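What follows is a short report on a single structure.
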Amino acid sequence: MKEVHLVLTEVMIRKYRTEDFDELAKVMDKGRMQELKTAGMEQVFVSLKDAPYLKYFLSCDIYVAEKDEQVVGFVGLGRRRLDFLYVLPGMQVKGVGSALMKTALAKLPRPVRLAVFTDNERAKNLYQKFGFKVTETRTEK
């Protein structure tokens, strides 16, 4: 199997390895809590290690962003879907998300779909920068 290595301002994108899980879980937990707070939903937070979707998550094609040998972000790809993209809060708006998006878009067949909270302006701006358009807005009950 081939690995893809990309570099952007000292950030390397590489394929997920099992030994990355603990660091990856920290990135997701911090990013997920930030995302849920933005939506006023922090009460529903569940750590990745306890998440009901953990098995699905691990079945995704995952790429990690690494800086100074630390996982600072990752992207999880499903079939024709960008299912997960999280960057440590302190590393946001520094090109990490863009590097992960470029990797995702190089790997996924078109059309690529994703979902984002309507209040998550930072994520929406990133996705729109890469050409994503809103096709539907849903209200969860």
Legend entry - Selection within segment 116-134 - free of Cβ contacts under 8 Å to residues at least 12 places away in the same chain and assigned to a loop (DSSP other than H, G, I, E, B): Val116, Gly131, Lys133, Val134
Inset, instruction - May I ask you to verify whether Leu105 is hydrophobic (A, V, I, L, M, F, W, C), within 20 Å of Ala25 (Cβ to Cβ), at pLDDT 90 or above and not in a strand (DSSP E or B)? - result: no
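Here's the yes/no breakdown for (1) at pLDDT 95 or above; (2) hydroxyl-bearing (Ser, Thr, Tyr); (3) in contact with a strand residue (DSSP E or B) (Cβ under 7 Å, 6 or more places away or on another chain); (4) surrounded by fewer than 17 Cβ atoms within 10 Å (Cβ to Cβ):
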position: Ile13; (1), (2), (3), (4): yes, no, yes, no
position: Asp22; (1), (2), (3), (4): yes, no, no, yes
position: Met28; (1), (2), (3), (4): yes, no, yes, no
position: Met41; (1), (2), (3), (4): no, no, no, yes
position: Val44; (1), (2), (3), (4): no, no, no, yes
position: Lys49; (1), (2), (3), (4): yes, no, no, yes
position: Leu54; (1), (2), (3), (4): yes, no, no, yes
position: Gly78; (1), (2), (3), (4): no, no, no, yes
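Across segment 28-50, what is the total count of residues that are part of a helix (DSSP H, G or I) and in contact with a helix residue (DSSP H, G or I) (Cβ under 9 Å, 6 or more places away or on another chain)?
So the count comes out to 15.
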Inset, instruction - Please verify whether segment 86-100 includes one or more residues that are under 23 Å from Arg17 (Cβ atoms), crowded, with 18+ Cβ neighbours inside 10 Å, hydroxyl-bearing (Ser, Thr, Tyr) and touching a helix residue (DSSP H, G or I) at 6+ places or on another chain (Cβ under 6 Å). - result: yes
Legend entry - Checking Arg79 against (1) among the basic types (Lys, Arg); (2) over 13 Å from the mean Cα position of the chain (by Cα); (3) more than 25 Å from Lys133 (Cα to Cα), the condition it does not meet: (3)
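For segment 75-98, check the following and say yes or no: at least one residue is among the small types (Gly, Ala, Ser), more than 19 Å from Glu3 (Cβ to Cβ), without any contact (Cβ under 8 Å) to a residue 60 or more places away in the chain and assigned to a loop (DSSP other than H, G, I, E, B). It would help to see each step written out before you state the result.
As a first pass, look at segment 75-98 and keep what is among the small types (Gly, Ala, Ser): 76, 78, 90, 95, 97-98.
Within this subset, residues satisfying the condition of being more than 19 Å from Glu3 (Cβ to Cβ) are 78, 90, 95, 97-98.
Subsequent filtering for residues that are without any contact (Cβ under 8 Å) to a residue 60 or more places away in the chain retains 78, 90, 97.
Among the residues that remain, those that are also assigned to a loop (DSSP other than H, G, I, E, B) are: none.
For segment 75-98, residues among the small types (Gly, Ala, Ser), more than 19 Å from Glu3 (Cβ to Cβ), without any contact (Cβ under 8 Å) to a residue 60 or more places away in the chain and assigned to a loop (DSSP other than H, G, I, E, B): absent.
The values are calculated or read from the model by the stated rules, or taken from the named source; none is laboratory data. Values in this document were obtained by computation on a predicted structure and should not be read as measured data. FYI the Cβ positions are ideal-geometry reconstructions off the backbone, even for glycines, and counts take in every protein chain you see.
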